[in-house]
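One structure below.
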């Protein structure tokens, strides 16, 4: 049996150094030991495209996702194939494009309401805006009733330290119990909306919101929507705040740090964007500079920077043997900065996405993961970010004042404060 190399004493040398700069520590370990190495006993790190792709794409076979803090209640755990397929369809790019006007209205309101001439803390505003946009997309006319219901839950999840995340599920840790209570409370609010809609049939009309479509699919397949849907919708709401919010923070920081590209995104938005409620898939396809800008931002600053899997059965990764129960980590952040796959990997260059011949190799760009556990809301998140970039750049000159990257949970620009001033572009006529 060939085991991965690692520190001789089997422990991380200088835990403080790891906590101070986790990406830097993992990068240094990879440079020293190679693409697959042991961080501590039974915990390994896999770098490089082949190892990363194997771990993510073989999830459900040789690897399993670790237990998270959002376990579904037992009666809601059994998945229905037809409903899951419908849930994925509601998040596909063409469907998001058809309903992009809903998202554009949220992005325009964010840009319109942003304070001018004074420093403002960015992440709370961006997290709230992304959560509003996702709520409107999923719940349509009932969004206002559920809006920001995920805020308490996201805040409680942020208080869960490693000692709680890795405890067995049956341990009644106080922080974990508070998370579960908040999860059940929000699910109950969604269930009330489902009950009201079910009592006001017909529902599920063509062109309806996501909840309408999923309720209709449940009805067609004999699935109880009030059992099956609420907790899954909770997860979608929290993801919008926890993932899209920090990503939007990095987009805003990138607009401030790259004024030439900010000007380019602003000019494109001025030429392309109609009134917000007229935005559709065709408009999105013309926002090429904004799309390249967001893709490059997510390459350098992927919120889901570190992914973990548990070995389910004996397997070889990079020529080394891993055993069941051991944990292996992969990092989109480090993969995206690997010069083997991205020329000038540390340079912010959205132009690389407009030159396909010079773009990344297949599988090297993983801001939303890969394989069976790829984020199903990737298209929705990307459209939200492109619209936020376009509307904010068109309306504001952004200057960044402070930022501290943090890596517990998502990779986020903590403490991001910005100063916005009016951009000298004419207002779009009639908007």
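The values are calculated or read from the model by the stated rules, or taken from the named source; none is laboratory data. These numbers were taken from a predicted model, which means no experiment stands behind them. Cβ coordinates were reconstructed from backbone atoms using ideal geometry, including for glycine residues, and neighbour counts include every protein chain displayed.
When residue 320 is tested against (1) more than 26 Å from residue 101 (Cβ to Cβ); (2) touching a helix residue (DSSP H, G or I) at 6+ places or on another chain (Cβ under 7 Å); (3) buried (at least 19 other Cβ atoms within 10 Å of the Cβ); (4) modelled with pLDDT of 95 or more, exactly one condition is not met: (2).
Of all residues in the stretch 373-401, those being farther than 16 Å from residue 115 by Cβ and at pLDDT below 90 number 1.
Residue 277 satisfies every condition listed in (1) crowded, with 18+ Cβ neighbours inside 10 Å; (2) farther than 13 Å from residue 389 by Cβ; (3) more than 24 Å from the chain's Cα centre (by Cα) except (1). Criterion applied to 153, 167, 177 was being closer than 30 Å to residue 420 by Cβ and modelled with pLDDT under 90, and the one residue passing it is 153. Taken over the stretch 140-154, the residue count meeting the criterion of being assigned to a helix (DSSP H, G or I) and under 18 Å from the mean Cα position of the chain (by Cα) is 3. Scanning the stretch 252-274 for residues that are under 22 Å from the mean Cα position of the chain (by Cα), under 15 Å from residue 111 (Cβ atoms) and surrounded by fewer than 23 Cβ atoms within 10 Å (Cβ to Cβ) yields a single hit, 256.
Is it true that some residue in the stretch 106-119 is farther than 30 Å from residue 420 by Cα, out of contact with any helix residue (DSSP H, G or I) (no Cβ under 6 Å at 6 or more places or on another chain), touching a residue at least 12 places away in the same chain (Cβ under 8 Å) and surrounded by fewer than 18 Cβ atoms within 10 Å (Cβ to Cβ)?
Of all residues in the stretch 106-119, those farther than 30 Å from residue 420 by Cα come to none.
There is no residue in the stretch 106-119 that is farther than 30 Å from residue 420 by Cα, out of contact with any helix residue (DSSP H, G or I) (no Cβ under 6 Å at 6 or more places or on another chain), touching a residue at least 12 places away in the same chain (Cβ under 8 Å) and surrounded by fewer than 18 Cβ atoms within 10 Å (Cβ to Cβ).
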